[in-house]
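A short write-up of the structure that comes next.
The values are calculated or read from the model by the stated rules, or taken from the named source; none is laboratory data. Since this is a predicted model, take the numbers as computed values, not measurements. So basically every Cβ, Gly included, is an ideal-geometry build from the backbone, and we count neighbours across all protein chains shown.
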């Protein structure tokens, strides 16, 4: 049997925000599903609860979908799935008793559930209930674990505090929390969880917790790619699934190998902190410029392969390759700029991980600043509001570096700053950002947190 998501021990303190989200999700569950006479047979099913965090990427932006390196951390903003579930005979699918129902505290009517049937022929919603596509897509990824004649039934309430459209991966947090919830249901019913294609009860052998976290991330990325139509890389789902308290994760997005990165100086007094500033400019990665960047990277790779046949993705290219391709005329204009960002960003990410290990905050900050310039000028995914936040932070005493984090086109910045001036920076950003843009920003201090977990209820 595979491991379930890690469950907090009796001595583990569940973070206050997660405790609050559990209460919100439980209350929503009772409003949405608690008095349902039509599905009385579900009333006795045990309750399950799972949580997964959002993330911030210190550096390594738009490199994951080209097989590059990223350096993210899980943050103390989460999504909680609370409810009940079971595995039933597929022969009954299509009738009311086998439908899945999900409700969210962020919905227009949080007591109004979205209903669907767990089968491989379902299609994404294009209505205001599109948020549930992330849940439906993940459920579809877990159906192959079940015997062919069985399917899932679910009643799930969702609560979260990851700001939507902020570049902090609210969608990945929802996907991974859903996946962890499904694993709880499967564990109770004795269904194996296997990346080897084994089906049925007790099939597929045992997977380590690390392998489960990796497989969970792969499935959640696939759900977003295939079902939701967003051509994202794997970074967001990976760190939400496998995040480690106190550590950044240096992830090789080609091999999916990763290592925990924590500074050698264990003295917290000398550690800087990370300030996240939300511009409140929302983005939608499923539309517009993000898919265009993915396609441009593919075209840049094709151009570079004419100079160096060993280049199969931008991960394989060096700056010498980029310069040679530019000199020969096979790479120019927008594609040259895109390639230059990705190749240089991979180099910066590896250097930043090493500098973080050594506690060289000045170098980490310089690399972050370089990354933002590259994102702004070569990858062209910043916006005026983000640039205001970055410039304000970079000019504040005690700041090592600041940059756009996430897919771009709005969202958040991440700033590495001395701990004793962090609150002063937040106050400064709140004041100056509103003066310059007429809008408010939301700021908070964060530190590396743990990944997905099951919670006993």
Evaluation of residue 381 against (1) in contact (Cβ under 8 Å) with a residue 24 or more places away in the chain; (2) under 16 Å from residue 277 (Cβ atoms); (3) outside any strand (DSSP E or B) (one fails), failing number: (2)
Checking the condition modelled with pLDDT under 95 and on the phi < 0 side of the Ramachandran plot, which residue from 25, 52, 35 passes? 35
The condition from (1) surrounded by fewer than 22 Cβ atoms within 10 Å (Cβ to Cβ); (2) over 21 Å from the mean Cα position of the chain (by Cα) that residue 350 misses is numbered (2)
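What residue, of 353, 339, is out of contact with any helix residue (DSSP H, G or I) (no Cβ under 8 Å at 6 or more places or on another chain), in contact (Cβ under 8 Å) with a residue 12 or more places away in the chain and under 30 Å from residue 295 (Cβ atoms)? Steps first, answer last, please.
Working: 339 fails: out of contact with any helix residue (DSSP H, G or I) (no Cβ under 8 Å at 6 or more places or on another chain).
353 is the lone residue from the list that is out of contact with any helix residue (DSSP H, G or I) (no Cβ under 8 Å at 6 or more places or on another chain), in contact (Cβ under 8 Å) with a residue 12 or more places away in the chain and under 30 Å from residue 295 (Cβ atoms).
Here's the yes/no breakdown for (1) modelled with pLDDT of 90 or more; (2) within 15 Å of the chain's Cα centre (by Cα); (3) part of a loop (DSSP other than H, G, I, E, B); (4) within 25 Å of residue 47 (Cα to Cα):
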{"site": "139", "(1), (2), (3), (4)": "yes, no, no, yes"}
{"site": "147", "(1), (2), (3), (4)": "no, no, yes, yes"}
{"site": "173", "(1), (2), (3), (4)": "yes, yes, no, yes"}
{"site": "177", "(1), (2), (3), (4)": "yes, yes, no, yes"}
{"site": "197", "(1), (2), (3), (4)": "no, no, yes, no"}
{"site": "204", "(1), (2), (3), (4)": "no, no, yes, no"}
{"site": "213", "(1), (2), (3), (4)": "yes, yes, no, yes"}
{"site": "219", "(1), (2), (3), (4)": "yes, yes, no, yes"}
{"site": "225", "(1), (2), (3), (4)": "yes, yes, no, no"}
Please pick out the residue among 363, 367 that is in contact with a helix residue (DSSP H, G or I) (Cβ under 8 Å, 6 or more places away or on another chain), touching a residue at least 60 places away in the same chain (Cβ under 8 Å), outside any strand (DSSP E or B) and under 21 Å from residue 259 (Cβ atoms). 367
Could you pull out the residue among 331, 336 that is in a loop (DSSP other than H, G, I, E, B) and more than 17 Å from residue 406 (Cβ to Cβ)? 331
For region 444-457, give me each residue that is assigned to a strand (DSSP E or B) and within 24 Å of residue 363 (Cα to Cα). 444, 445, 446, 449
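Yes or no, residue by residue, for (1) assigned to a strand (DSSP E or B); (2) crowded, with 23+ Cβ neighbours inside 10 Å:
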site	(1), (2)
389	no, yes
393	no, yes
402	yes, yes
408	no, yes
415	yes, yes
422	no, no
426	no, no
430	no, no
Could we say that residue 344 is closer than 30 Å to residue 416 by Cβ and surrounded by fewer than 23 Cβ atoms within 10 Å (Cβ to Cβ) here? yes
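Just one of 254, 293 is under 24 Å from residue 409 (Cβ atoms) and surrounded by 14 or more Cβ atoms within 10 Å (Cβ to Cβ); which is it?
So the residue among 254, 293 that is under 24 Å from residue 409 (Cβ atoms) and surrounded by 14 or more Cβ atoms within 10 Å (Cβ to Cβ) is 293.
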Given 343, 311, which one is within 18 Å of residue 65 (Cα to Cα) and outside any helix (DSSP H, G or I)? 311
Could you tell me whether any residue of region 258-275 is farther than 30 Å from residue 420 by Cα, buried (at least 18 other Cβ atoms within 10 Å of the Cβ) and within 19 Å of the chain's Cα centre (by Cα)? yes
From the residues in region 87-126 that are exposed (fewer than 15 other Cβ atoms within 10 Å of the Cβ) and part of a helix (DSSP H, G or I), which one is modelled with the highest pLDDT? 91
Restricting to region 163-179, name every residue that is touching a helix residue (DSSP H, G or I) at 6+ places or on another chain (Cβ under 6 Å) and crowded, with 24+ Cβ neighbours inside 10 Å. 169, 171, 172, 173, 174, 175, 176, 178, 179
